[in-house]
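Down below is the structure, laid out as structure tokens.
Rule-based calculations on the coordinates, nothing more; no lab input. Worth saying up front: this structure is predicted, and the values here are computed from it rather than measured. Reconstructed Cβ throughout: ideal geometry from the backbone, glycine too, with neighbour counts over all protein chains shown.
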Amino acid sequence: LGLENDMRRAIAGSEFELHFQPKVDLDTRQVIGAEALIRWRHPTRGLVSPAEFIPIAEETGLIWEIGCWTLYEACRRLAGWTASGLSLPSVSVNLSPRQFQDARLVGLVTSVVEETGIDPSRLELELTESAMIGDIEKAVAILGGLKDIGVRLSIDDFGTGYSSLAYLKRFPIDTLKIDRSFVRDIVKSATDPAIVSTIVNLAESLGFDTIAEGVETEQQATILRNHRCSRIQGFLISRPLDVISFETFVRESS
Ligand code: G
Ligand code: G
Ligand code: MN
Ligand code: NA
């Protein structure tokens, strides 16, 4: 309950901030986008990881308010960067299962896009497979509502959930984010290169893009390139950065 009460205060008192992790084209290392990742600057505990507070926010329902703030903040940043000439094609925001299933989601995204004036195709929403299993018809309807706004959709941590191919082909999504567990051991593993290759081929057949997450070494990047995965994200390129450091990173790499 301690953290829950603190979270209510944090929502009211703007103790949250967004960090941004660049996504790049593997060959050119050009920045193609960034993932927004929330951080909580707690007055006594210091920087609290979302891994710690997002699950509590999900349980208590506070995730709705936090998600509203995250979406607005990410889009306000994108609008500001566009106005100031920083060249950043897109920004992605993570949505947890409860956010995805909230009946207010399509309305929220519509309002955020209108009020911040961003081009909706430059906003990407990252969803996990677990958010979409259960009621597939409902998931397809929500995804369709989001696509109608013009935003891009990706499946995060792809390969770790339960998506069957029958469902996957019905999802109007744009990108599969290859889970970092397949990248971690790709240099030594007998199976992981084949898994990555299968995901890339599957994505191509269904008309989706891919990006590999958690890329930490040049060796991993080389193997990913050999398996025709052309976009990467991970500590090799950059850790998630606070706004000032991120702006410097984008300027220096463009
Ligand atoms: O950045 P980090 O490794 O600390 O993130 C930990 C987890 O928190 C990841 O699974 C990430 O997707 C999730 N996360 C980060 N920011 C947000 C956010 O704004 N909303 C939601 N729902 N999850 C987030
Ligand atoms: O669940 P999701 O994929 O949204 O999680 C994003 C989290 O992954 C962020 O918290 C970020 O800090 C973390 N992350 C990003 N790049 C790397 C990486 O190269 N290695 C590891 N171990 N974690 C990473
Ligand atoms: Mn993510
Ligand atoms: Na992920």
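Grab the beta carbon distance between ASP135 and ASP242, set R0 = 35 Å, and tell me the FRET efficiency rounded to 0.05.
0.35
Please give the charge dipole size of the chain, origin at the Cα centre, charges +1 on K and R Cβ atoms and -1 on D and E Cβ atoms. Round to the nearest 20 debye.
Dipole about the Cα centre, nearest 20: 260 debye.
Which loop-located GluC sites (Glu not before Pro) does segment 75-140 contain, where loop means any DSSP state but H, G, I, E or B and the Cβ has at most 14 other Cβ atoms within 10 Å?
Values: sites: GLU114, GLU115, GLU124, GLU126, GLU129, GLU137; in loops: none.
Nothing satisfies the criteria.
Over the chain, what is the relative contact order in whole percent, taking alpha-carbon pairs under 8 Å and six or more residues apart? Can you show the working numbers first?
On the way: 420 pairs, mean separation 51.8, N = 254.
Relative contact order for the chain comes out at 20 percent.
Can you bin segment 57-208 into rounded, prolate or oblate? Criterion: square roots of the alpha carbon gyration tensor eigenvalues sorted a ≥ b ≥ c, rounded for a/c under 1.5, prolate for a/b above b/c, oblate for the rest.
In terms of gyration-tensor shape, prolate.
If each of SER189 and ALA12 carries a label point 7 Å out from its Cα toward its Cβ, how far apart are those two points in nm?
4.6 nm
I need the chymotrypsin sites (Phe, Trp or Tyr not before Pro) found in segment 109-183, filtered to DSSP loop residues with at most 11 other beta carbons within 10 Å of theirs.
TYR162
Please get the size of the charge dipole for segment 96-247, origin at its Cα centre, with Cβ charges of +1 on Lys and Arg and -1 on Asp and Glu, quoted in debye to the nearest 20. Can you show the working numbers first?
Working: 16 positive and 23 negative charges, 77 e Å.
Around 360 debye, computed over segment 96-247.
I need the shape label for the chain. Rule: rounded when a/c is under 1.5, else prolate if a/b > b/c, else oblate, with a, b, c from the alpha carbon gyration tensor.
rounded
For the chain, what does the helix formula give at 222 nm: sum of -39500 (n - 2.57) over DSSP H segments with n ≥ 4, over the residue count, nearest 500 deg cm²/dmol?
For the chain, the value works out to -14000 deg cm²/dmol.
Quick one: grab the alpha carbon gyration tensor of segment 159-254, order the square roots of its eigenvalues as a ≥ b ≥ c, and give me rounded if a/c is under 1.5, else prolate or oblate depending on whether a/b is larger than b/c.
Numbers: a/c = 2.22, a/b = 1.44, b/c = 1.54.
Judged from the Cα gyration tensor, segment 159-254 comes out oblate (a/c at least 1.5, b/c at or above a/b).
Using a Gaussian network model on the chain with a 10 Å cutoff between Cα atoms, which of THR60, THR128, THR175 fluctuates the most?
Highest fluctuation of the listed residues: THR60.
If I build a Gaussian network model for the chain, linking alpha-carbon pairs within less than 10 angstrom, which residue out of ASN94, ASN201, ASN226 has the largest mean-square fluctuation?
Greatest mean-square fluctuation among the candidates belongs to ASN226.
If you take the charge dipole of segment 50-117 about its Cα centre, with +1 on Lys and Arg Cβ and -1 on Asp and Glu Cβ, which of VAL91, THR60, THR70 is farthest toward its positive end?
Sorting the options by dipole projection puts first VAL91.
What residue among GLY145, GLY13, GLY117 shows peak mean-square fluctuation when the chain is described by a Gaussian network model with Cα springs under 10 Å?
GLY13
Could you line up LEU206, LEU26, LEU86 from fewest to most neighbouring Cβ atoms inside 10 Å?
Numbers: LEU206 13, LEU26 19, LEU86 16.
With the sparsest Cβ surroundings first, the list reads LEU206, LEU86, LEU26.
In segment 1-109, what trypsin sites (Lys or Arg not before Pro) fall in a loop by DSSP, with at most 10 other Cβ atoms inside 10 Å?
In loop regions of segment 1-109 (DSSP not H, G, I, E or B), there are no sparsely surrounded trypsin sites (Lys or Arg not before Pro).
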